[in-house]
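Visitor: Please see the structure below; I have some questions.
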Amino acid sequence: MEVVTEITNVEFGKMINAAASALQNNAEKINKLNVFPVPDGDTGTNMTLSMASGAEYERDEVDTRLGVLAKATSKGLLMGARGNSGVILSQIFRGFASAVKDEDVLTARTFANGLMGGAETAYKAVMKPTEGTILTVIREAATAANNTAKESDDVVTVAKAAYDAAEVALASTPDLLPVLKEVGVVDSGGQGLVIVLEAFYAVLSGQETNHDTVDNAGLEAMIKEMHNTGVQGELNPENIKYGYCTEMMVDLGVGTTYDTDFDYDTFYAYLAELGDSLLVINDDEVVKVHVHTEHPGKVFEWGLKFGSLRKTKVDNMRNQQAEASKEAETAKKNEQSVQIERAIIAIATGTGVQNLFQSSGANIIIDATQAPSTSDIVEAIQKSGAKEVLIMPNDSNIFMAAEQAKSMVDVPVEIIKTRTIPQGLTALLVGYNPDADLTTNAATMTDAMGNVKSGSITTSVRDTTMKGLNIHSGDAIGIFDGDIVVSEPDADILGAAEALLKKMLTEEDEMVTIIYGEDGNEKLANQLAEIVTNLDDDIDVDIQKGNQPLYPIYIAVE
């Protein structure tokens, strides 16, 4: 096999885009590795959207030096990072970019240096690094690459060593993190990184990369993320280089115009010459395309050579941008007219839950139906126009994105590390004092959230065992302060909630709040209230409509 001694801008672009595509294709597989068998395990989705943002920034960078392209990729991942897994992935690429910042191309040595830099930065980004996670996988991959680069000038050999070591490290994660072994899964973030490194190796070795599925829902989310990131509201419309957002879906190998068999690299290369923000995903029967171009007709003509057009769409982004610029200018004037002293940002899902935060004093709500990205949080802070900001993530999976956002703005920010909706509401209602300063509020709100016990009911999405509790797919499960402590068969929500309440309540408790979601109802909440009263008639019960998805019941005990 011919020795490949360098990675140019062409190979690097293919590597980044292949990684984004591979994560997209495997997002659901990664999601299912979530330790908790709950329906909102979203590591794969978060890593996919984070990497898609990195790939978009890489594609839009006109400088072809590797150091610059790596920095663009890192910037895109930083802004698009969602969830802790996405943030750690962004830190890996941040370290990679820093290590190769002066390089025009990558050699085996500098590629290995990049991976070593990625591992070092990722470890520094986590306050208490835990082995058996994505951190272990990147460290072992980087070490293998570094050792191999001492003996070989072949970047393919180095990439293969990194990928092989990552697979071995991933397989070892259950031995390093007992909870993984208990539930019988490997680390989900580590699995995502293995997929990224596999895509890198596949590109460098000339293998076919994974384009075997078209997940339309996920693709639409990626397209939206790419498009919105690539076309900013404050840009002059005349500065848009490629003015038409063009999409098409082609049924391959059929129709009167079909005269060319589909080859991914050939298909992609032509479209890459026509514009930027290119995304091409296919299976054996269909290919879907998103591209910003000056020639939509040429895009469609190209598609017709390979089959029949099923769906086409063209938007004039210059017209859209002109309108968006007017709206942005109006909004900016409105923001400048009134500057608030302090913004309280709550991250939550469910209209009822969001209303509870607003009525309790939060003046900005970030919807958490999908984990917000770093840029979403930065945007909320900047749009608030506030001189200082308090953030309640209400989910530990958002902590790192919030911390990353905090580091990117120039106003004081305190993050109250609320892990649940009940903690967030209690911190705000009990701990917040509008007359106190930011630091004092951070301390009192943190103290206050420790006074509430949090419970929730959802449905298991797979069979597993946790701390000796046998759980089956379809069971109603009760979660108490982060641990699954109840499992009731046949999706018995009421039975699970009653069992959970019995574990949560003590003689010292005075108040129970029941928040029912989309899959709950007021009747169920009233039945639970009656159960509480039967257990202890001195406890006050409050019922609220939360509309939250996936969790029919939230329970707060104080």
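The values are calculated or read from the model by the stated rules, or taken from the named source; none is laboratory data. Small disclaimer: the values here were computed from a predicted structure and weren't measured. Ideal geometry is used to build each Cβ from the backbone, glycine not excepted, and the neighbour counts take in all protein chains shown.
Visitor: Which members of the range 465-504 meet the condition of being crowded, with 18+ Cβ neighbours inside 10 Å and touching a residue at least 40 places away in the same chain (Cβ under 8 Å)?
Guide: Met466, Ile471, Ile477, Ile479, Ile484, Ile493, Ala497, Leu500, Leu501, Met504
Visitor: Would you check if Ala166 is surrounded by fewer than 19 Cβ atoms within 10 Å (Cβ to Cβ) and either closer than 16 Å to Ile195 by Cβ or touching a His at 6+ places or on another chain (Cβ under 8 Å) (or both)?
Guide: Spelling it out, it is not the case that Ala166 is surrounded by fewer than 19 Cβ atoms within 10 Å (Cβ to Cβ) and either closer than 16 Å to Ile195 by Cβ or touching a His at 6+ places or on another chain (Cβ under 8 Å) (or both).
Visitor: Quick one: count up the residues across the range 332-357 that are surrounded by 12 or more Cβ atoms within 10 Å (Cβ to Cβ) and modelled with pLDDT under 90.
Guide: Within the range 332-357, residues that are surrounded by 12 or more Cβ atoms within 10 Å (Cβ to Cβ) and modelled with pLDDT under 90 number 3.
Visitor: Here's a follow-up. Of all residues in the range 441-450 being in contact (Cβ under 8 Å) with a residue 24 or more places away in the chain and either of a type in the set (Val, Ile, Thr) or closer than 22 Å to Leu505 by Cα (or both), which is surrounded by the fewest Cβ atoms within 10 Å (Cβ to Cβ)?
Guide: First, the residues of the range 441-450 that are in contact (Cβ under 8 Å) with a residue 24 or more places away in the chain: 441-442, 445-446, 449.
Pick out the ones that are also either of a type in the set (Val, Ile, Thr) or closer than 22 Å to Leu505 by Cα (or both) and you get 446, 449.
Numbers: Thr446: 17, Met449: 24.
Filtering the range 441-450 for residues that are in contact (Cβ under 8 Å) with a residue 24 or more places away in the chain and either of a type in the set (Val, Ile, Thr) or closer than 22 Å to Leu505 by Cα (or both), the one surrounded by the fewest Cβ atoms within 10 Å (Cβ to Cβ) comes out as Thr446.
Visitor: Right, Ile16: without any contact (Cβ under 8 Å) to a residue 60 or more places away in the chain, buried (at least 24 other Cβ atoms within 10 Å of the Cβ), in a helix (DSSP H, G or I) and among the β-branched types (Val, Ile, Thr) or not?
Guide: yes
Visitor: For the range 507-515, does any single residue satisfy the condition of being touching a Pro at 6+ places or on another chain (Cβ under 8 Å), buried (at least 17 other Cβ atoms within 10 Å of the Cβ) and either more than 19 Å from Thr420 (Cα to Cα) or basic (Lys, Arg) (or both)?
Guide: no
Visitor: In addition: Give the range 358-377 a look and list any residue that's touching a residue at least 60 places away in the same chain (Cβ under 8 Å), surrounded by fewer than 22 Cβ atoms within 10 Å (Cβ to Cβ) and part of a helix (DSSP H, G or I), or say none.
Guide: Selection gives Ser360 alone.
Visitor: Anything in the range 62-93 that is at pLDDT 90 or above and assigned to a loop (DSSP other than H, G, I, E, B)? List them, or say none.
Guide: Asp63, Thr64, Arg65
Visitor: Could you please find all residues in the range 532-548 being outside any loop (DSSP other than H, G, I, E, B) and either among the hydroxyl-bearing types (Ser, Thr, Tyr) or under 17 Å from Pro422 (Cα atoms) (or both)?
Guide: Thr533, Asp540, Val541, Asp542, Ile543, Gln544, Lys545 - these are the residues of the range 532-548 that are outside any loop (DSSP other than H, G, I, E, B) and either among the hydroxyl-bearing types (Ser, Thr, Tyr) or under 17 Å from Pro422 (Cα atoms) (or both).
Visitor: Looking at Asp519, is it out of contact with any helix residue (DSSP H, G or I) (no Cβ under 6 Å at 6 or more places or on another chain) and exposed (fewer than 15 other Cβ atoms within 10 Å of the Cβ)?
Guide: Considered against the rule, which asks whether it is out of contact with any helix residue (DSSP H, G or I) (no Cβ under 6 Å at 6 or more places or on another chain) and exposed (fewer than 15 other Cβ atoms within 10 Å of the Cβ), Asp519 comes out as no.
Visitor: Of the residues that sit in the range 382-394 and are surrounded by 19 or more Cβ atoms within 10 Å (Cβ to Cβ) and modelled with pLDDT under 95, which one is farthest from Glu341 (Cα to Cα)?
Guide: Per the stated criteria, the residue is Ser384.
Visitor: Report the residue count in the range 375-393 for those that are closer than 19 Å to Thr349 by Cα and either aliphatic (A, V, I, L, M) or in the same structural domain as Asn84 (by TED's automatic domain parsing) (or both). Can you show your working first?
Guide: So in the range 375-393, the residues closer than 19 Å to Thr349 by Cα come out as 375-381, 390-393.
Now drop any that are not either aliphatic (A, V, I, L, M) or in the same structural domain as Asn84 (by TED's automatic domain parsing) (or both), which leaves 377-378, 380-381, 390-392.
The qualifying residues number 7.
Visitor: Kindly check whether there is at least one residue in the range 451-464 that is surrounded by fewer than 20 Cβ atoms within 10 Å (Cβ to Cβ) and either more than 30 Å from Val183 (Cα to Cα) or outside the structural domain of Leu528 (by TED's automatic domain parsing) (or both).
Guide: Yes.
Visitor: Output the residue which, of all residues in the range 264-297 that are in a loop (DSSP other than H, G, I, E, B) and at pLDDT 80 or above, is nearest to Leu309 (Cα to Cα).
Guide: Glu285
Visitor: Could I ask something else about it? Tally the residues that are within 26 Å of Leu550 (Cα to Cα) and surrounded by fewer than 24 Cβ atoms within 10 Å (Cβ to Cβ), restricting the search to the range 403-425.
Guide: Summing the residues that are within 26 Å of Leu550 (Cα to Cα) and surrounded by fewer than 24 Cβ atoms within 10 Å (Cβ to Cβ) in the range 403-425 gives 4.
Visitor: Show me the helices (runs of 4 or more DSSP H) entirely contained within the range 414-531 in which 3 or more residues are under 25 Å from the mean Cα position of the chain (by Cα) and closer than 20 Å to Asn394 by Cα.
Guide: 421-426
Visitor: If you don't mind, another one. Under 30 Å from Ala362 (Cβ atoms), without any contact (Cβ under 8 Å) to a residue 24 or more places away in the chain and among the charged types (D, E, K, R): does that describe Glu522?
Guide: Answer is yes for this residue.
Visitor: Conditions first: (1) over 22 Å from the mean Cα position of the chain (by Cα); (2) at pLDDT 90 or above; (3) surrounded by fewer than 15 Cβ atoms within 10 Å (Cβ to Cβ). Glu329 passes all but one, so which condition is the exception?
Guide: (2)
Visitor: Tell me, please, whether a residue that is of a type in the set (Ser, Thr, Tyr) and either modelled with pLDDT of 95 or more or touching a strand residue (DSSP E or B) at 6+ places or on another chain (Cβ under 6 Å) (or both) can be found in the range 469-477. Steps first, answer last, please.
Guide: Applying the first criterion (of a type in the set (Ser, Thr, Tyr)) to the range 469-477 yields 473.
In the following step, the residues that additionally are either modelled with pLDDT of 95 or more or touching a strand residue (DSSP E or B) at 6+ places or on another chain (Cβ under 6 Å) (or both) were identified as none.
The answer is no; no qualifying residue exists.
Visitor: Continuing with the same structure: Being surrounded by fewer than 23 Cβ atoms within 10 Å (Cβ to Cβ), assigned to a loop (DSSP other than H, G, I, E, B) and not hydrophobic (A, V, I, L, M, F, W, C), is that true of even one residue in the range 46-61?
Guide: Yes, that holds for at least one residue.
Visitor: Just a yes or no: is a residue in the range 62-71 in contact with a Ser or Thr (Cβ under 8 Å, 6 or more places away or on another chain), of a type outside the set (Val, Ile, Thr) and buried (at least 24 other Cβ atoms within 10 Å of the Cβ)?
Guide: yes
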